[in-house]
Amino acid sequence: MTADVTAPRAPRSTARGSRSRTWALAAGLLVAAGLLVLACGLSVAVGSKQVPLGDVWSAWLHPDDGYTSAVVQSRLSRTALGLLAGAALAVSGAVIQGLTRNPLGDPGLLGVNAGASASVVVVTALAGGTAGRSVWAALPGAVLATVAVYVIGSGGPGGRATPVRLVLAGSAVGAVLLALVQAITLADTDVFTTYRFWVIGSLAGRPDGTVGLVLPYVVAGLVLALLLARPLNALALGDETATALGLSAGRTRLLAGAAATVLAAASVAAVGPVAFVGLAVPLTVRTFTGADHRWLLPYAALLGPVLLLGADVVGRVVARPGELMVGVVTAFLGAPFLVAAVRRGRVGL
């Protein structure tokens, strides 16, 4: 009799615990959204010239020819670029970590950064000094490098792009492309000068219209990644289990790779290969969401821009009247989060 009475209590307790966790994570999303709003406000208001939030609001709603309005408008464009690049990098990193089952995965793992760098260097060498700063100079190389990684990773016995094959193919393609970059930059000082500013990553000094150019790619990549949240959860259980659940592992891996590539390529083309955002944000988020991509991806989309915009603000404040490039600051800010996540030992997939 005792067993019959107590047996149903465990499922109810488990269900209550699951509901409590769901509510906690949903509340956390609201907090993350609040942090994003705060980061956007600071990005527009803080810099070499301080602008009160009231003036920011007034200049946004009623722009004029004044100095304050010009400063605010330039910072609004910079903030929008940080929003897109931060979300793209963090979600791309989360997808790649799930796709390769590697908690230390980031967009560079599939050759995206190396492909974009090689493309910028080649275009700069052929077309001139400022051509390499164009979005169109980096985007094709990033996409082609990732396609090459998938083609190489899908070859050989079995014909399947397994996580190990993708990582090895990404390493090989990246090494070849970086060797090409070194060969060209060492032979041409003008190309080296352009490349060394681009490769660190920055939200400043980007060509007009960059936000509009990368917006469609980022939106498409984010939508596709969010639609793949459940398939990525099944894929994390292994190809055999995913197939038993009715999932096509190969198709899911191809679509997830396409989403990660589009996001990373658009971000790298827009602001350069900014370090640590694609690695540190999903790795940190995973410590409290676990491996459930239904929560991991929305959190990454919100907190990626928080880290990138926060780093940009810090770079403006610590080096007034100049500024540090955001790629330098993200490395300093992202490293402590990464170390803390590793020390807590909750970075597994």
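Values quoted throughout were computed directly from the atomic coordinates according to the rules given, and no laboratory measurement underlies them. Nothing here was measured: the structure is a model prediction, and the numbers come from that model. Cβ coordinates were reconstructed from backbone atoms using ideal geometry, including for glycine residues, and neighbour counts include every protein chain displayed.
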| field | Percent of alpha-carbon pairs separated by more than 22 Å within the range 133-282 | value | 49 percent
| said: Just the number: Rg to Rh for the range 159-211, Cα atoms, Kirkwood Rh, two decimals. | reply: 1.16
| query | Once the Cα atoms of the range 273-336 are picked out, what are the Rg and Dmax in Å? | reply | 12.9, 44
| query | Is it possible to state the helix-based mean residue ellipticity at 222 nm for the chain, with each DSSP H run of 4+ residues giving -39500 (n - 2.57), the sum divided by total residues, to the nearest 500 deg cm²/dmol? What is it? | reply | -26000 deg cm²/dmol
| query | Viscosity 1.567 mPa s, temperature 4 °C: Stokes-Einstein D of the chain from its Kirkwood Cα radius, in µm² per second? | reply | 61 µm²/s
| Roughly speaking, what is the stretch gain from Ala187 to Leu38, that is 0.36 nm per residue apart minus the C-alpha to C-alpha distance, in nm to one decimal? | 49.1 nm
| Toward the positive end of the charge dipole of the range 24-125, about the Cα centre and with charges on Cβ (Lys, Arg +1; Asp, Glu -1), which of Gln97, Ala70, Gly115 goes farthest? | Gln97
| remark: So Val164 and Leu126, fully extended at 0.36 nm per residue minus their Cα-Cα distance, gain in nm 10.1 nm
| note | Convex hull around the C-alpha positions of the range 195-327: the volume in Å³ per residue is 114 Å³
| message | Please state the shape class of the range 75-217: rounded when a/c is under 1.5, otherwise prolate if a/b exceeds b/c and oblate if not, all from the C-alpha gyration tensor. | response | oblate
| field | Computed FRET value (nearest 0.05) for Leu61 with Arg294, which takes r as the C-beta separation and R₀ as 25 Å | value | 0.10
| Magnitude of the Cβ-charge dipole of the chain, K/R +1 and D/E -1, about the Cα centre, nearest 20 debye? | 1140 debye
| query | For the range 29-92, rounded, prolate or oblate, judged on the Cα gyration tensor with a ≥ b ≥ c (square roots of eigenvalues), a/c < 1.5 rounded, else prolate if a/b > b/c? | reply | prolate
| query | Once the dipole of the chain is set up with Lys and Arg at +1 and Asp and Glu at -1 on Cβ about the Cα centre, which of Thr284, Thr194, Leu178 lies farthest towards its positive end? | reply | Thr284
| note | Length gained, Val151-Arg196, 0.36 nm per residue minus C-alpha separation, equals 13.2 nm
| query | How high is the FRET efficiency between Val46 and Val176 when r is their beta carbon distance and R₀ equals 30 Å, given to the nearest 0.05? | reply | 0.10
| message | I'd like to know which of Ala87, Thr261, Ser248 lies farthest towards the positive end of the charge dipole of the chain, counting +1 on Cβ of Lys and Arg and -1 on Cβ of Asp and Glu. | response | Ser248
